[in-house]
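A quick write-up on the structure given underneath.
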Amino acid sequence: MFLFNRGKQELPTPENALPGRSNSILPNPAPHRVLGTPIAGPYPDGFQIAEFALGCFWGEEKTFWEQPGVWTTAVGYQGGHTPNPTYEESCTGKTGHAETVRVVFDPAKTSYENLLKVFWESHDPTQGMRQGNDVGTEYRSEIFVQDEAQRAAAEASKAMYQQQLSAAGYGEITTAIVGPPAPPFYFAEDYHQQYLDRVPNGYCPNHSTGITLPEGFTVTRLQYAE
């Protein structure tokens, strides 16, 4: 993932971003290589979408597709200005996008809070525009929320995880919580989808801190309303 890294650590303005294109770079997505489900939909009624940026999306997608209750996953580019960017464009730092994992899950089998726990525990959210040796705006930490309930849960989990990190000597969390609505998610090229199934020994750095959220972390509906 570092081959195209240019060390860009400042987000572009809309005026300075690359122009992109009107058509998707993945017009006919193949089914999920592991789960066999359509990565771009249609998704079953009642299922929910969660979207997370936490560094190199190759390894992080595998982390999420292995979770109980997850129906499908996909990787893409989100949070920037350039429509339908390519991988090479996103790695220049001139699109503003973060490498993102889309997770479609069955709320009867898992919860958004469970996925937030996986998110926080799978990377170091205090590093700004980087994860380890992967440096650039595309590697930043972000949560793209679909509705106010997701925002409330994301904010509560962030505050709780900050307490855990601070107690262990870590600095401030730099993760941004964006939305609702979540910005457009642009599917990455086919060769990025389920990359670690294609290349089992592929690049997959571990940037987790080892700090955990409590088991069974939940945010109540009362907290959503506050």
Subject >> Single residue of GLY36, GLY20 found to be assigned to a loop (DSSP other than H, G, I, E, B) and open to solvent by 50 Å² or more (accessible area, probe 1.4 Å) >> reply: GLY36
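In the range 133-172, what count of residues is obtained for those that are among the aromatic types (Phe, Trp, Tyr), under 16 Å from HIS207 (Cα atoms) and open to solvent by less than 10 Å² (accessible area, probe 1.4 Å)? Walk me through it before giving the result.
To start, the set of residues in the range 133-172 that are among the aromatic types (Phe, Trp, Tyr) comprises 139, 144, 161, 170.
Going one step further and asking which of them are under 16 Å from HIS207 (Cα atoms), we end up with 139, 161, 170.
Add one more test, that the residue is open to solvent by less than 10 Å² (accessible area, probe 1.4 Å), and what stays is 139, 161.
The number of residues fulfilling the criteria is 2.
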Original post:
Within the range 209-226, restricting attention to residues that are at pLDDT 95 or above and surrounded by 14 or more Cβ atoms within 10 Å (Cβ to Cβ), which residue is farthest from the chain's Cα centre (by Cα)?
Top reply: ILE211
Subject >> Of all residues making up the range 116-132, the number that are buried (at least 24 other Cβ atoms within 10 Å of the Cβ) and part of a helix (DSSP H, G or I) >> reply: 3
Original post:
Among the residues of the range 57-81, which ones are farther than 10 Å from VAL103 by Cα and outside any loop (DSSP other than H, G, I, E, B)?
Top reply: PHE57, TRP58, GLY59, GLU60, LYS62, THR63, GLY76, TYR77, GLN78
Subject >> Filter pass, GLN67 being open to solvent by 30 Å² or more (accessible area, probe 1.4 Å), of a type in the set (S, T, N, Q), under 16 Å from the mean Cα position of the chain (by Cα) and modelled with pLDDT of 95 or more >> reply: yes
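How about the range 133-148: which of its residues are among the hydrophobic types (A, V, I, L, M, F, W, C) and either closer than 15 Å to LYS8 by Cα or part of a strand (DSSP E or B) (or both)?
Of the residues in the range 133-148, the ones among the hydrophobic types (A, V, I, L, M, F, W, C) are 135, 143-145.
VAL135, ILE143, PHE144 - these are the residues of the range 133-148 that are among the hydrophobic types (A, V, I, L, M, F, W, C) and either closer than 15 Å to LYS8 by Cα or part of a strand (DSSP E or B) (or both).
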Original post:
Pick from MET160, MET129: which is within 15 Å of the chain's Cα centre (by Cα) and farther than 29 Å from PRO31 by Cα?
Top reply: MET129
**OP:** Collect the residues in the range 103-138 that are within 20 Å of THR218 (Cβ to Cβ) and among the hydrophobic types (A, V, I, L, M, F, W, C), keeping them in residue-number order.
**Re:** VAL103, PHE105, ALA108, LEU115, LEU116, VAL118, PHE119, TRP120
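Regarding ASN84, is this residue of a type outside the set (Asp, Glu), at pLDDT below 95 and part of a loop (DSSP other than H, G, I, E, B)? Step through it out loud before you land on a result.
Numbers: of a type outside the set (Asp, Glu): yes; at pLDDT below 95: no; part of a loop (DSSP other than H, G, I, E, B): yes.
It is false that ASN84 is of a type outside the set (Asp, Glu), at pLDDT below 95 and part of a loop (DSSP other than H, G, I, E, B).
The values are calculated or read from the model by the stated rules, or taken from the named source; none is laboratory data. Just so it is clear, the structure is predicted and the values come from calculations on it, not from any experiment. Note that each Cβ is placed from the backbone with ideal geometry, even for glycine, and that neighbours are counted across all protein chains shown. SASA here: full protein model, heavy atoms, side chains in, ligands and nucleic acids out. Shrake-Rupley method; radii C 1.70, N 1.55, O 1.52, S 1.80 Å.
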